[in-house]
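First comes the structure, then the notes that go with it.
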Amino acid sequence: MSTLAARPGSREATAADDSELTVARTRHPWRWVTGGIALLLVAQFAHGLVTNPGWDWSTFAQYITASSVLAALKVTLELTFWGTLLGFFIGIWLAIGRLSKNPVLQVISWTYIWAFRSIPLIVQLLFWFNLAYLYKTVSLGIPFGPEFLHADTNNVLSGFTAAVIGLALHQAAYSAEIIRAGIISVDQGQWEAAKSLGLPWRRQFFQVIVPQAMRGILPNAANEVISLFKGTSIVSTMAIAELFYQVQVIFGRNGRVVPLLMVATVWYIVLTTLLNIAQYYIERHFAKGSVR
């Protein structure tokens with residue numbers, strides 16, 4: 001049986017010719033040069049960390065697990081926990097108010113978010129810290145009516161409580177917008193599909209809308225939590241013994257500024273890393289069923 005040869009210039013002949021070509025590997029010498037320079041700079045920085053006596057690693061090792069530093073770290077974590085918990089709790093209701101069809105709730109929620117995002121956090125904290133200057137006493141009772149409980153403001157509002165209130169109310173304004181953005185990012189067809197199944201409103205929202213909204217909420221919410229954790233250092237202006245304030249107190253006594261700042265830096269890095277790991281697993285949980 002004879003074999004038909006491909007005609008010169010035909011598609012089959014062109015494909016056969018292409019298969020015999022040698023593919024030359026593309027060279028990228030500048031990539032290696034750039035990578036080498038970057039590694040050299042990193043090595044130089046690491047060498048400076050090890051050999052420069054100014055870092056004073058012995059002092060760092062002495063204070064990294066000191067009882068006073070760990071107690072201050074506990075205060076920082078408590079401020080972060082309560083600021084996040086209360087901030088997102090209030091933020092949920094503010095987001096619901098902004099999405100509500102009630103114009104009164106819309107205006108109140110919008111005004112709150114506008115005001116607390118406009119005022120610097122340090123101003124808010126100092127305001128709550130000095131609330132007793134405006135209100136000598138606080139009371140609980142019927143509005144414009146009789147009072148049931150009555151107490152001195154300084155006895156009720158400690159520095160820690162004022163810091164938690166300031167952080168939570170500030171956080172609520174940003175949390176509300178994050179939650180609102182996540183909810184409105186869910187396609188309208190998902191709402192219509194949930195309604196067409198005849199599901200009660202509660203099941204529509206919590207079983208259909210919320211899991212999808214969480215995919216958009218979580219990354220920004222995690223960023224806010226991390227920012228709040230690092231932002232707790234601002235309460236040092238209120239003489240609250242959180243991590244940064246305690247580090248300042250120590251290097252104010254012994255003059256070892258750099259190693260004590262490294263103590264705070266390392267603890268911030270470690271705990272921020274743990275928050276990032278938690279974020280990863282929570283996002284992976286809510287990403288079930290997503291193609292991304």
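In the context of the full set of protein chains, the range 45-109 has a per residue accessible area of 61 Å² (1.4 Å probe). About its Cα centre, the dipole of the chain is roughly 320 debye, where the only charges are +1 on Lys and Arg Cβ and -1 on Asp and Glu Cβ.
Distant-in-sequence amide contacts of residue 137, defined by a placed amide H-H separation under 5 Å and a gap of 5 or more residues or a different chain, comprise 153.
The slack in the chain from residue 278 to residue 140, taken as 0.36 nm per residue of separation less the alpha-carbon distance, amounts to 45.7 nm.
Calculated FRET efficiency, residue 70 and residue 156, Cβ-Cβ r, R0 35 Å, to nearest 0.05? The formula returns an efficiency of 0.75 here. As a fraction of the 1.4 Å probe accessible area of the chain, surface on carbon and sulfur atoms comes out at 66 percent. The phi torsions of the range 185-197, fed into the Karplus equation with coefficients 6.51, -1.76 and 1.60 and a -60° offset, translate into couplings of 6, 6, 4, 4, x, 5, 4, 5, 5, 5, 5, 5, 7 Hz, rounded to whole numbers, with Gly and Pro shown as x. Measuring between their Cα centroids, the range 119-175 and the range 184-205 lie 39 Å from each other. In the chain, Cα pairs under 8 Å separated by at least six residues give a relative contact order of 24 percent.
The values are calculated or read from the model by the stated rules, or taken from the named source; none is laboratory data. Values in this document were obtained by computation on a predicted structure and should not be read as measured data. Here the Cβ is made from the backbone with ideal geometry for all residues, glycine too, and neighbour counts use every protein chain on show. The accessibility values were calculated without ligands, DNA or RNA, using every heavy atom of the protein model including side chains. Shrake-Rupley method; radii C 1.70, N 1.55, O 1.52, S 1.80 Å.
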